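Shown next, in structure tokens, is the structure this report addresses.
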Amino acid sequence: MASNQYIVYTDGSCSGNPGPGGWAALIRHNGDETEIAGSAAMTTNQRMELHAAAEALRLTPPGSIVKLHSDSAYLINCFKQSWMDRWLKNGWLNSRGQPVENRDLWEQLLELSSERKVEWIKVKGHSADKDNTRVDLLAREIIKTDNHADSGGPPYPQISLNGGIKGKGSEERVGSMRRLGVLTGGGDCPGLNAVIRAVVKGATYNYHMEVIGFNNGFRGLVENDAEVINDRAVSGILNRGGTILGTSNRDNPFDYRPGGSDYRDTGRDRSADALENIKKWGIECLVVIGGDGSLLLAHRFSELGLPIIGIPKTIDNDLPATDVTFGFDSAVTTATEAIDKIHTTAESHHRVMVVEVMGRHAGWIALQAGMAGGGDIILIPEIPFDYEHIIKKIDERRSCDKKFSIIVVAEGAYPSGKEPVYQNKGKVKRLTGIGPIVSEEIEKRTGIESRATVLGHLQRGGSPTSYDRVLATRFGVKAVELFREARFNEMVCLKGNRIESVPLKAAVAGTKQVDPQSEQVLAAIAVGTSFGCAF
Ligand code: F6P
């Protein structure tokens, strides 16, 4: 957990000179406290000190408690002896009635300190002084790295905004901002925008980092279609479905086909281009928000040395390393509402109504929405069904004067001894079509009028539920924390009600399916639901 208490040491040019026009910082974590030593070199001495203080303060999150140590009497007195108040009252004129120099930097400092609880501490003004040792030593550590032995050596190069340079003697060294990349991959899903918002806000509000968004999933990474996403860009998107970044489930950088996999037979390995683009942007870690396909690609990139943090997304809820994926609750809510509405026609027309829901090879959506919507028969891939048992249940209901029945069927469900039903489009096989087949078969065998409704992409659309908005936000915030703690190649996850993380490898190991013996399935059976099988 990143601490919320900071000790900031600022230094102008005298001992920690990072070179003409340069700025460098050293950050290290000490139990509950974080130490930041900032050192700057600008054109005049006072500007150096102010610049170092402002930049170092920027590295502390708004709202935090900061003890700022400086050897500049001028800087400290301005705050401690209320000189600033006087300047503000006098329209930035000093006691001699002259304009205050470096007003731009003073204004920055004023704003930064108003957002934090800053205690200004003056330390004695020479590197040889005992009290000044900490400021001086830390500043010296900054310049000791990367063959720049001392301030007498070659000037330290200006650290670019991309920052994040590791150096000997320091835990990490940063420029003005560290950069995090983010992309959304695979099918769209309610809650994607909520995660993007959480990553951007979490990174910029708390850690003064910059987030680079790649458009259209891994395609943007290969084509270098990316931009900075700032706080304003994520304003008002919490409740919006889809993804502001766009997505794609057809663009594999290791087998890349420009028009998508439907259109060309052979692909090229463009992973090197993707890595090059990461380097160009100075990104230290890529956050991949996706399902098993995208996380598998992310895992391959992690094996090539790219630090990755995964966030589990899918309406199917079929990822093994998390109890729940975001998007699932929204899909279930949509499917439940649909089943509620289908009831009206079923009841009025005494029909058998079949509702096909998504979920690939896992029956989570069918089970959850089927139970919530009061489905009489739930068919899931984990329990192959027999028509005899379905018809037995329909007859049973009719004998109790219940003239209609609702069947909720997962797209991956299939009769025992048969295979799941696919529809082919070009080279892509789509798992769908079992709903109409079940409906026709029942009408043929019973003579009862039956209709099928395939809910399809309705389940991926619209606003995320409040549950998904909160889960997505918690996932996004956790991803930023993992980055701060340099815990890469992990995926955030939900265990019970705790947000945790697991190795990325575990996240892509297989599919999480419904256990036919689980308490939830048994509860459904206990209230009379049939799974189209003997039990
Ligand atoms: O994984 C999410 C999902 O909606 C599945 O439930 C479904 O089988 C699949 O994606 C459909 O993908 P597409 O939008 O590419 O047809």
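The values are calculated or read from the model by the stated rules, or taken from the named source; none is laboratory data. Quick caveat, the model's predicted, so the values are computed rather than measured. Counting neighbours? That spans all protein chains shown, and the Cβs are built from the backbone with ideal geometry, glycine included. Areas reflect the complete protein model, heavy atoms only, side chains present, ligands, DNA and RNA absent. Shrake-Rupley method; radii C 1.70, N 1.55, O 1.52, S 1.80 Å.
Scanning the range 339-382 for residues that are under 30 Å from GLY186 (Cβ atoms), touching a helix residue (DSSP H, G or I) at 6+ places or on another chain (Cβ under 8 Å) and surrounded by fewer than 19 Cβ atoms within 10 Å (Cβ to Cβ) yields a single hit, ALA372. Of all positions in the range 231-249, none carries a residue that is more than 16 Å from the ligand (Cβ to nearest atom), in contact with a Gly (Cβ under 9 Å, 6 or more places away or on another chain), among the β-branched types (Val, Ile, Thr) and open to solvent by less than 20 Å² (accessible area, probe 1.4 Å).
Assessment of the range 263-274 against the conditions (modelled with pLDDT under 95, open to solvent by less than 30 Å² (accessible area, probe 1.4 Å), touching a Lys or Arg at 6+ places or on another chain (Cβ under 7 Å) and among the aromatic types (Phe, Trp, Tyr)) yields no matching residue. The selection criterion, being assigned to a helix (DSSP H, G or I), at pLDDT 90 or above and open to solvent by less than 50 Å² (accessible area, probe 1.4 Å), does not hold for ALA139. Considering the range 407-434, and only residues there that are of a type in the set (S, T, N, Q) and not in a loop (DSSP other than H, G, I, E, B), the residue that is surrounded by the fewest Cβ atoms within 10 Å (Cβ to Cβ) turns out to be ASN424. Of the candidates GLU303, GLU284, the single residue that is farther than 20 Å from ILE380 by Cβ, surrounded by fewer than 17 Cβ atoms within 10 Å (Cβ to Cβ) and away from the ligand (no atom under 16 Å from the Cβ) is GLU303.
Among the residues of the range 387-407, is there at least one that is modelled with pLDDT of 95 or more and closer than 30 Å to ILE499 by Cβ? So far as the range 387-407 goes, no, none of its residues is modelled with pLDDT of 95 or more and closer than 30 Å to ILE499 by Cβ.
The set of residues from the range 465-481 being farther than 16 Å from GLY290 by Cβ, in contact (Cβ under 8 Å) with a residue 60 or more places away in the chain and within 15 Å of the chain's Cα centre (by Cα) comprises ARG469, THR473, ARG474, VAL477, VAL480, GLU481.
On the basis of being touching a residue at least 12 places away in the same chain (Cβ under 8 Å), part of a helix (DSSP H, G or I) and not hydrophobic (A, V, I, L, M, F, W, C), does ARG445 make the cut? Spelling it out, ARG445 is indeed touching a residue at least 12 places away in the same chain (Cβ under 8 Å), part of a helix (DSSP H, G or I) and not hydrophobic (A, V, I, L, M, F, W, C). Taking the range 287-300 as the range and being in a helix (DSSP H, G or I), within 12 Å of the ligand (Cβ to nearest atom) and of a type outside the set (Asp, Glu) as the test, the residues that pass are GLY293, SER294.
The residue that is nearest to the ligand (Cβ to nearest atom), counting only those in the range 341-368 that are over 41 Å from the mean Cα position of the chain (by Cα) and not in a helix (DSSP H, G or I), is VAL352. Only a single item in (1) at pLDDT below 90; (2) open to solvent by less than 10 Å² (accessible area, probe 1.4 Å); (3) not in a loop (DSSP other than H, G, I, E, B) is not met by HIS69, and it is number (2). The lone criterion from (1) modelled with pLDDT of 95 or more; (2) surrounded by 15 or more Cβ atoms within 10 Å (Cβ to Cβ) left unmet by ARG484 is number (1).
Once the range 181-205 is narrowed to residues that are among the aliphatic types (A, V, I, L, M) and not in a helix (DSSP H, G or I), the residue that is farthest from the ligand (Cβ to nearest atom) is VAL182.
Within the range 512-535, the residues that satisfy the criterion of being part of a loop (DSSP other than H, G, I, E, B) and crowded, with 22+ Cβ neighbours inside 10 Å are VAL514, PHE531, GLY532. What do you reckon, is GLU388 surrounded by fewer than 24 Cβ atoms within 10 Å (Cβ to Cβ), under 22 Å from VAL492 (Cβ atoms) and free of Cβ contacts under 8 Å to residues at least 12 places away in the same chain? No, not satisfied.
Residue selection: THR247 fails the criterion of being β-branched (Val, Ile, Thr) and part of a helix (DSSP H, G or I).
Listed here are the residues, each with its yes/no results for (1) touching a strand residue (DSSP E or B) at 6+ places or on another chain (Cβ under 8 Å); (2) within 16 Å of the ligand (Cβ to nearest atom); (3) at pLDDT 95 or above; (4) not aromatic (Phe, Trp, Tyr).
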{"site": "ASN424", "(1), (2), (3), (4)": "yes, yes, no, yes"}
{"site": "VAL438", "(1), (2), (3), (4)": "yes, no, yes, yes"}
{"site": "LYS444", "(1), (2), (3), (4)": "no, no, yes, yes"}
{"site": "ARG451", "(1), (2), (3), (4)": "yes, no, yes, yes"}
{"site": "GLY462", "(1), (2), (3), (4)": "no, yes, yes, yes"}
{"site": "MET491", "(1), (2), (3), (4)": "yes, no, yes, yes"}
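When ALA509, ALA452 are checked against the criterion of being surrounded by fewer than 17 Cβ atoms within 10 Å (Cβ to Cβ) and either touching an Asp or Glu at 6+ places or on another chain (Cβ under 9 Å) or outside the structural domain of ASN239 (by TED's automatic domain parsing) (or both), a single residue qualifies: ALA509.
Of all the residues in the range 307-320, those that are in contact with a strand residue (DSSP E or B) (Cβ under 8 Å, 6 or more places away or on another chain), open to solvent by less than 10 Å² (accessible area, probe 1.4 Å) and not in a strand (DSSP E or B) number 1.
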